[in-house]
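J.: Sharing a structure, written as structure tokens. Questions coming.
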């Protein structure tokens, strides 16, 4: 490696470290403890009602056609099931995603900022054939939709 190349690598590394330091100082990067924080009670709950109460403050919800779930009818591998949830409900605050057949049904929660588009996608793990449930909190009320997904190879220990 020539002296100029070493110097460029050093300068790029210094610039990157300086940028990260400025971002952290300005509060743009959160400390690792904040990033790692999660709602343990919600994600360890064994029932859908307990998970929803811990995650969204209540379990009572109303079925809604305004929530669209995109997931495969048949998942060849339950370890990686692609799921997308969207809604055009006004005032959507958060989305919870549950796999009814899992031992711990809550698989993801999404907090939406003011003016955010309520459209999320992820891959979830499903232990067996069951419904995927999306619960949207909008204006303090809970609304839900379901989609049945057949799992041919289990993802949670199967």
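The values are calculated or read from the model by the stated rules, or taken from the named source; none is laboratory data. Small disclaimer: the values here were computed from a predicted structure and weren't measured. Methodologically, a virtual Cβ is constructed for each residue, glycine included, from the backbone with ideal geometry; neighbour enumeration extends over all protein chains shown.
J.: I need the full set of residues from the stretch 71-82 which are in contact (Cβ under 8 Å) with a residue 60 or more places away in the chain and surrounded by fewer than 18 Cβ atoms within 10 Å (Cβ to Cβ), in order please.
T.: 72, 73, 74, 76, 77, 79, 80
J.: Every residue in the stretch 71-114 that is more than 19 Å from residue 130 (Cβ to Cβ) and in a loop (DSSP other than H, G, I, E, B), please.
T.: 88, 89, 90, 91, 112, 113, 114
J.: Is there a residue being in the same structural domain as residue 133 (by TED's automatic domain parsing), farther than 16 Å from residue 142 by Cβ, in a loop (DSSP other than H, G, I, E, B) and touching a strand residue (DSSP E or B) at 6+ places or on another chain (Cβ under 9 Å) anywhere in the stretch 58-70?
T.: The answer is no, given that none of the residues of the stretch 58-70 is in the same structural domain as residue 133 (by TED's automatic domain parsing), farther than 16 Å from residue 142 by Cβ, in a loop (DSSP other than H, G, I, E, B) and touching a strand residue (DSSP E or B) at 6+ places or on another chain (Cβ under 9 Å).
J.: Within the stretch 95-105, can you find the residues that are surrounded by fewer than 22 Cβ atoms within 10 Å (Cβ to Cβ), in contact with a helix residue (DSSP H, G or I) (Cβ under 9 Å, 6 or more places away or on another chain) and over 15 Å from residue 69 (Cα atoms)?
T.: Passing the criteria: only 104.
J.: Now a separate question. Only one residue in 126, 117 is modelled with pLDDT under 95, in the same structural domain as residue 71 (by TED's automatic domain parsing), in a loop (DSSP other than H, G, I, E, B) and under 17 Å from residue 47 (Cα atoms), so which one is that?
T.: Checking each option against the conditions leaves just 126.
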